[in-house]
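What follows is a single structure, written as structure tokens, with notes after it.
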Amino acid sequence: MRKMLVAGNWKMHGSRVVAHALVHEIARSVRERTEAGALACEEVVLCPPFTHLAELAAQFSGSGLAFGAQDVSEHVASGAYTGEISGAMLGDVGAAWVIVGHSERRQYHHESDELVARKFAAALQAGLTPIVCVGETKEEHEAGRTEKVIARQLGAVIEHNGIEAFRTAVIAYEPVWAIGTGLTATPDKAQKIHAFIRSQLGKKDANISLLTRVLYGGSVKPANAAELFAQPDVDGGLIGGAALLATDFLDICAAARR
Ligand code: 13P
């Protein structure tokens, strides 16, 4: 049985003080709700900006929360790569997870499928668990190209890393038109695409396709989380805006149950 996972992607938000207060509140609620038997989600991961990672991971070690980064360099060895952060550096400050191929990186930083595949490899090499994002734009959605786009994005990662990498790696389906817009894929639509993602893995290895966790992201809120997470191929969520509000985030985590 796959464990339910909820990850919060803070994107570029929050000062040190705000970040600390938010994680403090999330950690306190996780503890209370776990003690009360009210938290079904097995894993909760927070992905703050790079600048807050070391401090938060140190301050909240043992809290039951795990930490991840929002991106990683494709370069594994130290070197002259101004502005880049390696997987080893992330691991060194306490990150265990990393998001790769988020649509905002693909869109604003022109990350190609091949670069995303190399970042995924760099994450694995550093012992981090990658959460690789796939998803179609509004235009692709309206043109009926969703499955084609996802097959291409996922195919590049599988080709470069091999199917075995998905024994640990996580996939997040984030339709670009649903991110930060208040629009969500309907639970049926999300289930259909998640099943499609699993079928793509299944072409290479049936067993791995059943093990890999596939998260849904895009305007997940407390009001819609339970219905999305109830779908058989939805194994949790990658949460943006609602991860910046402790109560909303915890209510979403509480909805992640089998
Ligand atoms: P929202 O939840 O704000 O739509 O963002 C989703 C997302 O991009 C998470 O990575």
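Per-residue Karplus couplings for region 250-257, computed as 6.51 cos²θ - 1.76 cosθ + 1.60 with θ equal to phi - 60°, are listed in order as 5, 5, 5, 4, 5, 7, 7, 10 Hz, Gly and Pro entered as x. Database remark: amide H of ARG213 closer than 5 angstrom to the amide H of ILE171 (H placed geometrically; neighbours at sequence offset of 5 or more, or on other chains; Pro and chain starts carry no H). With each label modelled as a point 7 angstrom along the Cα→C-beta vector, the GLU55-MET1 pair spans 4.0 nm.
Think of each Lys and Arg Cβ as +1 and each Asp and Glu Cβ as -1; about the Cα centre, that makes the dipole of the chain roughly 360 debye. Region 95-169 to region 205-252: how many Å between their Cα centroids? Cα centres, region 95-169 to region 205-252: 17 Å. Measuring against 23 Å, Cα to Cα, the residue pairs LYS11/LYS203; LYS119/LYS189; LYS3/LYS221; LYS3/LYS192; LYS138/LYS203; LYS11/LYS192 contain LYS11/LYS203; LYS119/LYS189; LYS138/LYS203; LYS11/LYS192 as the ones spanning a longer distance. When only the Cβ of Lys, Arg, Asp and Glu is charged (+1, +1, -1, -1), the dipole of region 147-258 relative to its Cα centre reaches about 220 debye. Label-to-label distance for GLU35 and ALA96 is 2.2 nm, based on points extended 7 Å past Cα in the beta-carbon direction. All other residues whose Cβ lies under 12 angstrom from that of LYS192 are scored, Lys and Arg at +1 and Asp and Glu at -1, for a net of -1. Model label sites at ARG145 and VAL76, defined 7 Å from Cα along the beta-carbon direction, differ in position by 3.3 nm. So for region 31-150, what percent of the C-alpha to C-alpha distances run longer than 16 Å? So the portion of pairs separated by more than 16 Å is 66 percent. Considering only alpha-carbon pairs that sit under 8 angstrom and 6 or more positions apart, the relative contact order computed for the chain is 22 percent. Plainly put, the chain has a radius of gyration that is 0.94 times its Kirkwood radius, both from alpha-carbon atoms, as the Rg/Rh ratio. Amide H to amide H, with H built 1.01 Å from N, ILE99 comes under 5 Å of ALA69, GLN70, ASP71, ILE131, counting only residues 5 or more places away or on other chains.
The accessible surface of region 67-224, taken with every protein chain in place and a 1.4 Å probe, is 52 percent carbon and sulfur. Stretching the chain fully between GLN125 and ARG167 yields a gain of 13.7 nm (0.36 nm per residue, less the alpha carbon separation).
In order along region 146-160, the phi-based Karplus estimate (6.51 cos²θ - 1.76 cosθ + 1.60, θ = phi - 60°) of 3J(HN,Hα) comes to 3, 5, 4, 5, 5, 4, 5, 5, 6, x, 5, 6, 5, 4, 6 Hz; Gly and Pro are listed as x. Each Cα pair under 8 Å and six or more residues apart adds its separation to the average, and for region 1-124 the resulting relative contact order is 24 percent.
For the pair LYS192 and HIS109, the difference between a 0.36 nm per residue extended length and the Cα-Cα distance amounts to 27.0 nm.
Please say if region 90-234 is rounded, prolate or oblate, where rounded means a/c under 1.5 for a ≥ b ≥ c the square roots of the C-alpha gyration tensor eigenvalues, and otherwise the choice is prolate for a/b larger than b/c and oblate otherwise?
Rounded, since a/c falls under 1.5.
The alpha carbon gyration tensor of region 123-172 gives principal lengths a ≥ b ≥ c with a/c of 1.5 or higher and a/b greater than b/c, which makes the shape prolate.
On the beta carbon distance between LYS203 and ARG258, with R0 = 30 Å, the FRET formula returns roughly 0.70.
The values are calculated or read from the model by the stated rules, or taken from the named source; none is laboratory data. Owing to the predicted nature of the structure, the values given are computational and were not obtained by experimental measurement. Methodologically, a virtual Cβ is constructed for each residue, glycine included, from the backbone with ideal geometry; neighbour enumeration extends over all protein chains shown. SASA here: full protein model, heavy atoms, side chains in, ligands and nucleic acids out. Shrake-Rupley method; radii C 1.70, N 1.55, O 1.52, S 1.80 Å.
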